[in-house]
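A short worksheet on the structure shown next.
Readers should treat all values here as calculations from the given coordinates under stated rules, not as data from a laboratory. Bear in mind that the values here come from a model prediction, so they are computed numbers and not experimental data. Heads up, the Cβs are rebuilt from the backbone with ideal geometry, glycines too, and the neighbour counts pull from every protein chain shown.
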Amino acid sequence: MRFGIFAVILILGSIPMTVLEHSMHAYYRSAMINNTQAQLQVQAVALAGEIGKYQDKTFTSTGSYEAVIRQYSTFSDSRILLVNYGYVIAYDSYAFESGKTIVSENVIKAFTTKKTISAYNKAAGSIEIMTPVLDDNKNAYAVVVMSTDVSEALNYTDDVLQKIYIIKVSAITMLIIIAFIISGILVRPISNVTHQVNDIAMGHYDRRIRKGAYSELSDMTSGFNDILDKMNNLDESRQEFVSNVSHELKTPIALIQGYAEGLKEGISDDPESMDFYCDVIMDEASKMNDMVRKLLTLNQMEWNEEPVIERFNVTELIQSVISNNGIRTSQNGINVIFDQKEPVYVWGDEYKIEEVVTNYFSNAINHCEFDKVIKVDIEKNEDTIRVSVFNTGKNIPEEDIPKIWDKFYKVDKARTREYGGNGIGLSIVKAIMESNNSGYGVINHSNGVEFWFELDCKNE
């Protein structure tokens, strides 16, 4: 990552420098050429004006225009040709090509257009100016060709730009150093997080990632730490769950094993005793089966998708639960009171709400004492209804009320063991009602205990 950041900084810093270098190179060369052209053009036009004063179309006058041409040639450090109308070089300031015929597109153009023509010969490194010499009638009878070599000037410009290049290299070197330092600074917090994550990956789940200097990194570490907290909580829950399940299964498994071994070894040949042994084994197996079923139900409630919300008659549901438990209530001499006859429609997951009512009612049967009364009631409010299941009996100690909704928690372990309870039923109630976003709770009364839950009953 550090190399990537380093490369990005270096590239982003180098590109402007390179572009600037090339732009300056092009600008200086262009400016030098244009300035030279402008100066040479002014001199060529002036020279053409001086030659035009003589009005000597045959160029037979000696020592007149020639002296002027030599003066201009020396002053401008340029070569000057005087071309007559027949395209013959009447005079060459370098005396190389006098009397020769010149065929040049720009010279012809100067004759025909009667305008000054400028040209830059890149191959030769020279600038040429062609200016017509006009008579009194504004007709061109000659052309002044003024040329100068600019290669040395361009070389000088290149030398200047070479110095600029050296400066660029120095700047890039400094940029490399700065990029290396900055990349280290930028990457250090991320590297620290990476090392800490690696430590956690090695199994040190108790560690937490320190927040970095950047807000984005801080948000990421906070989210990661939250995940770790949840993982720890899940791990603790898992360990607690395994411990609780092991504890709950230990007693019935031991009883089943003991009585099964007794039957196998023929400890007693008495049919009555053998029946008792078989009843114990079946009873303990039934308890284990019930616990496993409830654990599966609880797991489904805690991890399953959103509940299926539908409209149903809660009165009918309660009547069904009471009817299904009729044998148990009769065997225990319990008087069940449920006066609601009219249908009451509510919104919720009917299957899960039936599980809640069943758990409340079963719990009421197991703890019903004194007058042996269970009363189920539906209280209607504006947008909600409250279903309550009351049983006469002992109160729940106030310090235990927050704990009764936890998995495997038992207020009276001996009594719970006696009726085959496993401390899971109310945990199922909690999971269902919270998934339904509905209220639930328990109230101690002077003569008993009331469990309740609420449901939405709005008409839609």
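Counting other C-beta atoms within 10 Å, which of Thr148, Thr358 has the fewest, and how do the rest follow?
So the ranking, lowest neighbour count to highest, is Thr358, Thr148.
Name the long-range amide H neighbours of Val150: under 5 Å, sequence gap of 5 or more, or other chain; modelled H, no Pro or chain starts.
Ser126, Ile127
How far is it, in nm, from the label point at Ile327 to the one at Phe180 when both lie 7 Å from their Cα along the line to the Cβ?
With each label point 7 Å from Cα toward Cβ, the separation is 8.7 nm.
With +1 on each Lys and Arg Cβ and -1 on each Asp and Glu Cβ, and nothing else charged, work out how big the dipole of region 308-456 is about its Cα centre, in Debye to the nearest 20.
Roughly 660 debye for region 308-456.
For Asn35 and Arg293 in the same chain, what is the full-extension length gain: residue separation times 0.36 nm, less their Cα-Cα distance, in nm?
Stretched fully, the Asn35-Arg293 segment lengthens by 83.1 nm.
Once the Cβ-Cβ distance between Lys138 and Lys53 is put in as r, and R0 is 22 Å, what FRET efficiency do you end up with, to the nearest 0.05?
After rounding to 0.05, the efficiency reads 0.90.
Report the GluC sites (Glu not before Pro) located in region 303-342 that are in a DSSP loop and have at most 10 other Cβ atoms inside 10 Å of their Cβ, or state none.
Sites meeting the loop and neighbour criteria: Glu305.
In nm, give the distance between the simple-model label positions of Gln319 and Asn335, each being 7 Å from the Cα along the Cα-to-Cβ direction.
Label-label distance for Gln319 and Asn335, simple model: 2.2 nm.
For the modelled label position 7 Å from the Cα of Thr113 along Cα-to-Cβ, which residues of region 124-150 have backbone nitrogen atoms closer than 18 Å?
Of the residues in region 124-150, 127-134, 139-147 have backbone N under 18 Å from the label point off Thr113.
Which FRET efficiency value, to the nearest 0.05, do you get for Lys403 and Ser151 by plugging their Cβ-Cβ distance into 1/(1 + (r/R0)^6) with R0 = 56 Å?
My answer for the efficiency is 0.05.
If you filter region 368-409 for chymotrypsin sites (Phe, Trp or Tyr not before Pro), then keep DSSP loop positions with at most 11 other Cβ within 10 Å, what is left?
When the chymotrypsin sites (Phe, Trp or Tyr not before Pro) of region 368-409 are filtered for loop state and at most 11 Cβ neighbours within 10 Å, Phe370 remain.
So for each of 74-86, 436-448 I average, over its residues, the number of other beta carbons within 10 Å; can you give me the resulting order with the highest mean first?
Descending packing order for the listed peptides: 74-86, 436-448.
Say the cut-off is 29 Å between C-alpha atoms; which of Lys352/Lys407; Lys372/Lys410; Lys341/Lys410; Lys352/Lys410; Lys352/Lys403 go over it?
Lys341/Lys410
Simple spin-label model, 7 Å along Cα-to-Cβ: Val88 to Ala123 in nm?
If labels sit at Val88 and Ala123, their model points lie 2.9 nm apart.
Using the 10 angstrom Cβ neighbour count as an exposure proxy, how do Lys57, Lys341 rank, fewest first?
Listed from fewest to most nearby Cβ atoms, that is Lys341, Lys57.
For an R0 of 25 angstrom, estimate the FRET efficiency from the Cβ-Cβ distance between Lys372 and Asp275 and round to the nearest 0.05.
Computed FRET efficiency for Lys372 and Asp275 comes out at 0.25.
Order these by the 10 Å Cβ neighbour count, fewest first: Ser320, Ser104, Ser427.
Least to most surrounded, the residues fall as Ser320, Ser104, Ser427.
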